[in-house]
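None of the figures in this text is laboratory data; all of them are computed from the coordinates on show. Just so it is clear, the structure is predicted and the values come from calculations on it, not from any experiment. Cβ coordinates were reconstructed from backbone atoms using ideal geometry, including for glycine residues, and neighbour counts include every protein chain displayed.
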């Protein structure tokens, strides 16, 4: 549902930039008769306020534009007079349906926005231009070609996002990448075409009438006797099945316990045979302070996740961290695995002791936190950058941490930072630019392309690093669950940066305590690293040079609207009628 809203909100922007409609009437190349016969939901436009009508009208007009594309292979209208004529005709058709003309004038006073021009997007005017830019075959051809009703809608929306990302990298300043993607998907790719209610509801986000076949007809009421027979029949079957399942569950618990003990013994034996002598994990656990025989203070982490997944992460950290040594990466002193199942299964990791805890303790713990000074914040950011730079370029093959966050950055007695917890770390594959893998990480810190498609690159860590920079510089959490309209820290920071108020992003405690130019540079690097589009993010080596002032920071590129933006909230109601058809897959 979230991505469908993103798809349709960008389409809304496509049809709503400010221009005036020409009074001269020319011939409109679009047959607008569908406006009065198509099963679209008119309720939002009959509301006296009309607050949700614009989204509906622009999606409805998009059907005509897409039909024109299908017939002529041209994405937009030929000239301003034709565009003005189409908008005027569109208004007349709606007036006949009792839709106030003022709503059309308010929502669609931009007729020249529909006119073809080389400046629209990367020079794309025709479908041939599209093929040259996007390629003859894209993921739209597989995910948007056939029926896109119900659960089949989500893959099409995600395919649109993927193509949008590719096109935007060709023309970063363009504003129509997603609009052209939507029109191409429904006007050229989809077998059913723009006039199909299911296709229009999914790809264009047009709300449909509740009794439309594309979203299912209401069911007839059952008689009382029939209903009672069904209820009693169901209850009898239910209790019979429940009894059977109870027996099965009890047996499986017994069997799982026996197999778990055997699995543990196999794990201990294989671990002892393969682990390196100076090697440890990244699963959740309890950390204790300990002292070795020689007086060395260490941190002992007892792993609490004893499942097969926990075992895999334990071995992964042992293998990964044993290969690396760097002053900004937490060192592992040793590990311990008990082999006696009868006395309890145990996993322990022993690390260098970090007396000042985690970065998260100082950012979020209101009771015991130590207020970080500007020099401390600066050093922590640079330390983390150098640690990541070593993981990405200092070892072969490169290592992607996959879980960079404030609680995985530990501070020593001098408040210098070390990156910790390599349980989710993954080595790159030589000769491959990216990996497709199971998504891991922490909500809010995970890069969009990795969360959506499992595409893991070095810039996945860069995104998480950008989030950490913004947290350090602002003292604000990555996710704001208050009443703020900006849920993500990236959206909130971008709002201030775009308006020229970068100083507002800085934590009040450091605003007057350091060089503003340097502090603002750090904030801008954080925003750039955490950009939603992977193509705009720097590599960690480049980010480090920007932080140190060795290279200039490029102009911050535009980014998609935040999920909490009011334009998306206003359109959410108009998309409610299709929510039953396009439930998200987890």
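Sorting the segments 136-146, 516-526 by their mean number of nearby beta carbons within 10 angstrom, highest to lowest, gives 516-526, 136-146.
Can you put 130, 494 in order of Cβ neighbours within 10 angstrom, beginning with the fewest? Arranged by neighbour count, lowest to highest, 130, 494 become 494, 130. In terms of other Cβ atoms within 10 Å, 421, 389, 31, 352 run from fewest to most in the order 31, 352, 389, 421. Indicate the gyration tensor shape class of segment 49-108 (rounded, prolate or oblate), computed on the Cα atoms with a ≥ b ≥ c the square roots of the eigenvalues: a/c under 1.5 is rounded; otherwise a/b larger than b/c is prolate and the rest oblate. The shape class here is prolate.
Once the mean of 1/r is taken over each pair of separate Cα atoms and inverted, segment 359-555 shows a Kirkwood hydrodynamic radius of 16.9 Å.
The peptide list 463-469, 550-556, 77-83, put in order of mean Cβ contacts within 10 Å with the highest first, becomes 463-469, 77-83, 550-556. Considering all different alpha carbon pairs of segment 442-526, the Kirkwood hydrodynamic radius works out to 13.6 Å.
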